[in-house]
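> Structure provided below as structure tokens; questions to follow.
Taken together, the values in this text are just the output of simple stated rules run on the coordinates, not laboratory data. Note that the structure is a prediction, hence the values are computed from the model and not measured. Cβ sites come from the backbone with ideal geometry, for glycine too, and all protein chains shown count toward neighbours.
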Amino acid sequence: MRKILTSFFIFALTFFVLSVTNVSAKIISNDKGTVNIAKTEVINDDLFIGAQTVEINGTVNGDVFIGAQTVKVTGIINGSLHTGANLLILDGIVKGNVYAGAQNVMVSGAAIGGSLLVGAATVNIDKDTSIGGSIMAGAGTLTVNSQVKRSVYAGAGNLTIGSDTKIGKDLYYTSNENQGQTNISGDAKIAGSIYKSEMKTAQGGVDNKAVKKQTSAFFGKFKVVASIISFAGALLIGFLYLKFFGKHFTQTVNLVSKSFWKSLGLGFLITIAFIPGLIILLVTVIGIPLAGLAFLTLLFYSYIAKIIVGAVFGNWISLKFSWKTSVFGTFALGLLLIYIIRLIPVIGFFTGMVVLWIGLGALTLQMFSKTN
């Protein structure tokens with residue numbers, strides 16, 4: 001029992017530190033109608049909505065996930081907004097990031113605390129909007145006339161940077177030399193530099209090889225940046241894990257060293273048996289709370305797995321080369337090498353799966369271990 005309680009204490013600590021999401025959530029489904037969160041309504045959970053039309057005029061103290069034809073946000077979201085829609089109208093407040101995939105996106109008089117990541121046919125961001133992070137947009141037509149604290153990354157057929165635009169860092173944009181138009185106002189204030197990447201054409205059409213090459217390079221850079229951010233987060237969680245639950249950390253790492261193949265095999269079995277087991281729990285209805293708890297525990301263990309295996313890998317390297325470093329130092333070294341390997345195509349994918357299986361198996365064995 002003590003092992004189980006320790007595991008859930010670590011689970012709680014991790015999610016409170018990362019502030020990714022609350023454990024509870026409110027789910028609303030109305031596929032053929034309208035869902036309206038009234039101006040006076042306050043929701044203190046993450047919110048999931050599936051409907052024809054969604055209007056959020058009230059306050060949501062959590063993340064919001066929406067799938068609808070039309071989405072309009074005029075209220076306050078004290079988290080991040082994730083939405084897929086035909087039309088998105090945003091003129092409220094979003095404290096976190098906005099992730100949007102839509103046909104048309106209109107951002108008017110909105111305040112976004114984080115970044116805006118959007119893919120759409122048409123995106124219009126007006127002068128009364130402020131964005132605390134960056135804009136990363138892929139669109140047929142993109143108009144930016146707002147305040148952006150960090151950088152703007154734009155890939156658009158027609159790009160307009162208006163006269164009221166204020167960009168705190170750099171502007172990166174891709175354009176076609178023969179198709180589309182780019183208009184950057186001379187009155188726009190860009191604190192950093194402007195970087196332009198052209199997609200050359202061949203025989204009057206788009207050079208597919210150039211497009212593929214530039215797209216690959218763009219996502220390659222994005223993957224590296226995302227990996228750096230993820231590594232920093234994992235390093236922080238590993239530090240807290242070691243500081244507050246050092247004994248559990250050490251015992252789990254030792255368990256991998258002593259029972260490597262057992263951990264790997266158990267982790268593999270858990271991953272292939274989890275979905276059928278989850279379905280059985282959901283079908284029984286009474287097992288729904290247990291299914292939710294099991295799902296959250298799997299997510300947590302999947303994240304912690306790389307921290308455990310990173311420490312094992314770091315210990316092995318330190319012994320191999322007779323390096324004398326602290327426990328945290330060896331963990332950081334091993335974790336860094338795992339992240340570097342995961343950037344390698346194909347090899348990185350299989351490495352990630354093996355790391356998941358080993359860590360998942362070891363954490364499960366440790367939960368039910370009789371060792372004090």
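> Would you mind checking the range 83-107 for residues with the amide N under 11 Å from a putative spin-label position 7 Å along Cα→C-beta of GLN69?
Inside the label zone: 86-87.
> State to the nearest 20 debye the size of the charge dipole of the range 225-367 about its Cα centre, where the only charges are +1 on K and R beta carbons and -1 on D and E beta carbons. Write down the numbers at each step before the final one.
Values: 8 positive and 0 negative charges, 75 e Å.
The calculated dipole for the range 225-367 is roughly 360 debye.
> Where does the range 225-367 land on the Kirkwood hydrodynamic radius, alpha-carbon pairs, in angstrom? Present the calculation step by step, with values, prior to reporting the outcome.
Numbers: mean 1/r = 0.0632 Å⁻¹.
Computed over the range 225-367, the radius equals 15.8 Å.
> What FRET efficiency would be calculated for the residue pair PHE244, GLN181, taking the C-beta separation as r and a Förster radius of 56 Å, to the nearest 0.05? Write down the numbers at each step before the final one.
Details: r = 56 Å, r/R0 = 1.00.
Given R0 = 56 Å and the Cβ-Cβ separation, E is 0.50.
> Using 0.36 nm per residue, how much length does the chain from ILE272 to ILE228 gain when fully extended, once their Cα-Cα distance is taken away? Present the calculation step by step, with values, prior to reporting the outcome.
Working: separation 44, 0.36 × 44 = 15.84 nm, distance 2.97 nm.
12.9 nm is the gain from fully extending ILE272 to ILE228.
> Here's a follow-up. For the range 25-206: lysine pairs with Cα atoms under 26 Å, gap of 8 or more or different chains, count?
29
> Another question about this same structure. So between LEU337 and LYS95, what do we pick up on full extension, going 0.36 nm a residue minus the alpha carbon distance? Write out the running numbers ahead of the final one.
Working: separation 242, 0.36 × 242 = 87.12 nm, distance 3.40 nm.
Result: 83.7 nm gained on full extension.
> Continuing with the same structure: Based on alpha-carbon atoms only, what is the radius of gyration of the range 25-206 relative to the globular estimate 2.2 N^0.38 Å? Let's see the in-between values first.
Working: Rg = 17.1 Å, N = 182, 2.2 N^0.38 = 15.9 Å.
Rg over 2.2 N^0.38 Å, computed on Cα atoms: 1.08.
> Determine the gain in length on full extension of the stretch GLU41-SER326; use 0.36 nm per residue of separation and subtract their C-alpha separation, reporting nm with one decimal. Please report the intermediate quantities before stating the final value.
Working: separation 285, 0.36 × 285 = 102.60 nm, distance 5.12 nm.
Extending this stretch completely gives an extra 97.5 nm.
> Taking the Cβ-Cβ separation of SER193 and LEU236 as r and a Förster radius of 25 Å, what is the calculated FRET efficiency to the nearest 0.05?
Details: r = 31 Å, r/R0 = 1.25.
FRET efficiency, SER193 to LEU236: 0.20.
> So, R0 is 22 Å and r is the distance between the beta-carbons of LYS127 and ASN86; what FRET efficiency does that work out to, to 0.05? Kindly include the intermediate steps, with their values, before the conclusion.
Details: r = 25 Å, r/R0 = 1.14.
FRET efficiency, LYS127 to ASN86: 0.30.
> For the range 225-367, how many pairs of lysine residues have a Cα-Cα distance under 18 Å, where the two are 8 or more positions apart or belong to different chains?
On the way: LYS243/LYS306; LYS247/LYS258; LYS247/LYS306; LYS258/LYS306; LYS258/LYS320; LYS262/LYS306.
Pairs that pass both the separation and distance tests number 6.
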